[in-house]
Amino acid sequence: MDKVSVIVPAYNSEDTIRRCLDSILKQTYKNIEIIVINDGSTDSTEAICREYAAECDKVYLYNQKNQGVSAARNSGIDKATGRYLQFVDADDYIEENMTERLVSEFKGPGNWVICGCLSDNGDTSAVIRTSAPETMDRLETMRALAAPDSIRGYLVNKLFENDVLKKYQLYMRTDIFVCEDLIFCLEYAAHIKSATYIEEPLYHYIYRDDSVTHKKYSPKRFSSLQAFEEIKKITEKYHDE
């Protein structure tokens, strides 16, 4: 049973981090390590995570000064020792069988496994509209990443191969705050052979009013222009209309 490294970037998540970590610890797939990157939290997030790390040998806590979610994810990538990587945000949580389902669908080196998501907003939960073929080649996967209502440019609903990240030195852009996930996913997709899509929604995304994309105004939104240029640069080489 190959190890899965689950990377959890956390910043001032005292109200949600327990639910997040509990959902990962309840996974039916047992060979996991949980890498929590505390990104300079000023609330009790660090203390809560330290408690989990002391009680469970699967949980590893690392502290860093506040640098943002992308830098925290990059730290997690550097520390991951598993064959596979998953990303779970500290506000969110996952179904008990998510890791097992993703790993069980893995078809071998160069395959990328992707699943559906749920959006939780208060007391309501809805499936995030997603559609894609069950099997895609590299170009079809890149098209799907860019298409509305397809597999989405999220990190959190995908199983990454650690060898691919290491071989091609793939990291999150820390100077872009909009679509940085999509850029990373497109860069990763450039090195896959195929993708497998599971329609079943296994990841619970919690709607956050204070995120950059949901705020009415944030200066970080201007990085979307840079993001567009990066996306254009990655996709132009395929000359695909």
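The values are calculated or read from the model by the stated rules, or taken from the named source; none is laboratory data. Because the structure is a prediction, the values reported are computed rather than measured. Virtual Cβ from ideal backbone geometry, glycine too; neighbours counted across all protein chains shown. Areas reflect the complete protein model, heavy atoms only, side chains present, ligands, DNA and RNA absent. Shrake-Rupley method; radii C 1.70, N 1.55, O 1.52, S 1.80 Å.
Brief remarks follow.
- Contact map, the stretch 184-196: first residue among the hydroxyl-bearing types (Ser, Thr, Tyr), second residue part of a helix (DSSP H, G or I), Cβ cut-off under 8 Å, separation 6 or more or different chains; pairs are Tyr188/Val164; Tyr188/Leu165; Ser194/Arg138; Ser194/Thr141.
- One residue alone among Thr130, Thr99 is closer than 21 Å to Phe160 by Cβ and modelled with pLDDT under 95, and that residue is Thr130.
- Residues (under 21 Å from Lys158 (Cα atoms) and in contact (Cβ under 8 Å) with a residue 40 or more places away in the chain) located in the stretch 1-21: Asp2, Lys3, Val4, Ser5, Val6, Ile7, Val8, Pro9, Ala10, Ile17, Arg19, Cys20
- Taking the criterion of being part of a strand (DSSP E or B) and open to solvent by 10 Å² or more (accessible area, probe 1.4 Å), the only residue of the stretch 186-195 that qualifies is Ser194.
- Filter pass, Ile48 being of a type in the set (Val, Ile, Thr) and in contact with a Lys or Arg (Cβ under 8 Å, 6 or more places away or on another chain): yes
- If the condition is being open to solvent by less than 10 Å² (accessible area, probe 1.4 Å) and touching a helix residue (DSSP H, G or I) at 6+ places or on another chain (Cβ under 7 Å), then the stretch 173-185 contributes Ile176, Ile183, Cys185.
- Leading residue by the ranking (least open to solvent (accessible area, probe 1.4 Å)) among those in the stretch 100-129 that are free of Cβ contacts under 8 Å to residues at least 40 places away in the same chain and under 23 Å from His191 (Cα atoms): Gly108
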